[in-house]
Amino acid sequence: MSAVRLLLLFLLCSHFVSLCHGACSEVDSDTEAVAGKGFKLGCISCKMRPEVEASATVNWYFKAKGEAEFAHIYNYDEEGPHIVDERFEERVDWNGSKRSQDIQDASIYLFNVTFNDSGTYSCHFHRLLTYEFYEYQTVVSKIVHLKVVAKATRGTASIVSEVMMYVSIIGLQAWLYIEMVYCFRKISAAGEEALRESANAEYLAIASESKDNCAGVQVAE
């Protein structure tokens, strides 16, 4: 096997590893917060084509109990975070993707949660996918129904969500390990085959040279 084929095999294995390293898992947000404490409003939207370049902006909306319409409360774009609704002034912090315009995690963190924070939250991804010859825009929305309580009562949904998250992480790590072992064995086998081919070629060259020398000696006699 030539060095070029070895290099292509190595690059293919590296591609599998990079895909696994950048894997995204959409985990639902918790829905129960405790008054007076902090709470993470989760919102994850995984990009289906990881190899496609993309950029995204995020908007959060809130509809309190008894209200008829959603109010725009938060925005995150290339310029950073912006708190739109004064009810959440100095109480919201970005808890999602950092140092990247390709936002897939748009979670936010609420400080000092109050009972007035109970209601429905809506998270909207405005994503621009950049292909070679055109661009395509998508909008993905997620809904979180938040209930604020005086004392924590962990629900079944929260437990199941956490278990699924750990199962996904373990599964991805196992897949990465299997891919790495497979690639290592392929590269090792390819290297051994290349060495054998090189040794055979060298042997044939020596044999051919010896034959030519013998023929030369016979002609001289």
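The values are calculated or read from the model by the stated rules, or taken from the named source; none is laboratory data. Because the structure is predicted, anything quoted here is derived from the model rather than measured. A quick note on method: Cβ atoms are made from the backbone with ideal geometry, for glycine too, and the neighbour counts reach across all protein chains shown. Side chains are part of the model used for accessible areas, which takes the heavy atoms of the whole protein and leaves out ligands, DNA and RNA. Shrake-Rupley method; radii C 1.70, N 1.55, O 1.52, S 1.80 Å.
Okay, here's what the table says:
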{"quantity": "Heavy-atom SASA rank of 163, 52 (probe 1.4 Å, accessible area, largest first)", "calculated": "163, 52"}
{"quantity": "Sparsely packed GluC sites (Glu not before Pro) within the range 97-186, loop by DSSP, other Cβ within 10 Å at most 15", "calculated": "132"}
{"quantity": "Amide proton proximity set for residue 30, modelled H, under 5 Å, gap of 5+", "calculated": "42"}
{"quantity": "Inter-probe distance in nm under a simple model that places probes 7 Å from Cα toward Cβ, at residue 192 and residue 78", "calculated": "5.2 nm"}
{"quantity": "Shape of the range 65-204, Cα gyration tensor, a/c cut at 1.5", "calculated": "prolate"}
